[in-house]
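Read the structure below first, then the notes.
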Amino acid sequence: MDIAILTLFPDMFTGPFSESMLKRAQERGLLSIHLHNIRDYTHDKHHTADDTPFGGGQGMVMKPEPLFEAVKAALSDLGDRPNTPVILLTPQGRPFTQAIAQELSQHPAMVFICGHYEGMDARAEEALATDSISIGDYVLTGGEIPSMAIVDAVARLLPGVLGDDMSAVDDSFATGLLEGPTYTRPAEYRGESVPDVLLSGDHAAVDRWRREQSLRRTYERRPDLLESANLTAADRAYLEKLKAGEVEE
Ligand code: ADE
């Protein structure tokens, strides 16, 4: 997958993209990140990428000309493939979810525009962005961290990026539910034991326990997710018992 990122602060990406899974994905040729400094597409002596808003008001607005040029160059660099998403990061975008990460992971290439200051000139936004995404209802100083979060969520879904291809399948949210608790050695630590079922070797019982823990955790922490989750009759029966207080800790 090829991802172009248009930013005024390309150095911000150095750390996050040169460690762990994203580093490995790039080394293996599964992911290629193309950073474009928007300031490189300015032509005046001071490399001005922003200006004051017409009509007055606080803050600065990203100028349209460098953005148009930067998007054109980024798309050309990606081979001008048709239907390449050009995604603006903004608190006004559609809320990012695992489903959107899945959707984006199907594209061979995409462009992220990291907004800054009070946003960008509305003409650039209208003409250039095919999509806009927010990573939550709070305001960050720019779209850099949101774009890193989205690249991370999308990259780990690409075949071969995670060590075990199956690991993304059971993720919290991928199933519509949160994952339940997990344990590792030692079997007893500070007087607390790992649940017996996990040491039983009974795979069917382990699967059933995991499913129930997942339902329980979702019910306790994110009950809203249960409304759209794919639940079996057994799941519903378990939840009824849980709600009635008929399930042991
Ligand atoms: N830029 C500033 N805040 C943001 C947010 N919450 N999501 C996406 N882009 C942003």
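Values in this text are rule-based calculations from the coordinates and carry no lab data. Just so it is clear, the structure is predicted and the values come from calculations on it, not from any experiment. With ideal geometry, Cβ positions are generated from the backbone for all residues, glycine too; neighbour counts draw on all protein chains shown.
For L88, the residues whose modelled amide H falls within less than 5 Å of its own, excluding neighbours fewer than 5 places apart on the same chain, are I113, T130, D131, S132, I133.
This model, with +1 at the C-beta of Lys and Arg and -1 at the C-beta of Asp and Glu, gives the chain a dipole about its Cα centre of some 180 debye. When only alpha carbons are used to place a centre, region 1-77 and region 138-164 end up 16 Å from one another.
For region 48-193, with only Lys/Arg (+1) and Asp/Glu (-1) charged at the beta-carbon, what is the dipole magnitude about the Cα centre, in debye rounded to 20? Don't skip to the end; give the middle numbers.
Working: 8 positive and 22 negative charges, 12 e Å.
The calculation lands at about 60 debye.
Rounded, prolate or oblate: which fits region 72-129, taking a ≥ b ≥ c as square roots of the Cα gyration tensor eigenvalues, rounded meaning a/c under 1.5, else prolate when a/b beats b/c?
Values: a/c = 2.39, a/b = 1.11, b/c = 2.16.
Here region 72-129 falls in the oblate category.
Under 1.5 on a/c is rounded, so check that first for the chain, then, if it is not, pick prolate when a/b is larger than b/c and oblate when it is not; a ≥ b ≥ c are the square roots of the alpha carbon gyration tensor eigenvalues.
On the way: a/c = 2.71, a/b = 2.12, b/c = 1.28.
Prolate, since a/c reaches 1.5 and a/b exceeds b/c.
Once you order the gyration tensor axes a ≥ b ≥ c over the Cα atoms, which shape class does region 51-176 get: rounded for a/c under 1.5, otherwise prolate or oblate by comparing a/b with b/c? Verdict is oblate for region 51-176.
Scan region 55-155 for chymotrypsin sites (Phe, Trp or Tyr not before Pro) in coil per DSSP, keeping those whose Cβ has at most 12 other Cβ atoms within 10 Å, and list them by number. Don't skip to the end; give the middle numbers.
Working: sites: F68, F96, F112, Y117, Y138; in loops: F96, Y117, Y138.
Qualifying residues, ordered by number: Y138.
Ranking H116, A204, Y189 by Cα position along the charge dipole of the chain, where only Lys, Arg, Asp and Glu carry charges on their C-beta atoms, puts A204 farthest toward the positive end. If you run the Gaussian network model on the chain, springs between alpha carbon atoms under 10 Å, then out of K63, K23, K45 the most flexible one is K45.
Spin-label pair V169-H43: with each label point 7 Å from Cα along the Cα-Cβ axis, the two points sit 5.4 nm from one another. Only one residue of G55, Q102, Q92 has its Cα farthest out toward the positive end of the dipole of the chain, where Lys and Arg carry +1 and Asp and Glu -1 on Cβ, and that residue is Q102.
Each Lys and Arg Cβ is given +1 and each Asp and Glu Cβ -1; about its Cα centre, region 188-243 then shows a dipole of about 180 debye.
Taking label points 7 Å from Cα along the Cα-to-Cβ direction, S32 and A233 give a separation of 5.3 nm. Computed over the chain, the per-residue total of -39500 (n - 2.57) for DSSP H runs of n ≥ 4 gives a 222 nm mean residue ellipticity of -10000 deg cm²/dmol, rounded to 500. Springs join every pair of Cα atoms under 10 Å in this Gaussian network model of the chain, and among P186, P159, P66 the largest mean-square fluctuation is at P186. For trypsin sites (Lys or Arg not before Pro), the sites in region 188-218 that DSSP calls loop and that have at most 12 other Cβ atoms within 10 Å are R190. Subtracting the Cα-Cα distance of E126 and E69 from 0.36 nm times their residue separation leaves 19.0 nm of extension gain. Using a Gaussian network model of the chain in which every pair of alpha carbons under 10 angstrom is joined by a spring, one finds that among A73, A205, A168 the greatest mean-square fluctuation is at A205.
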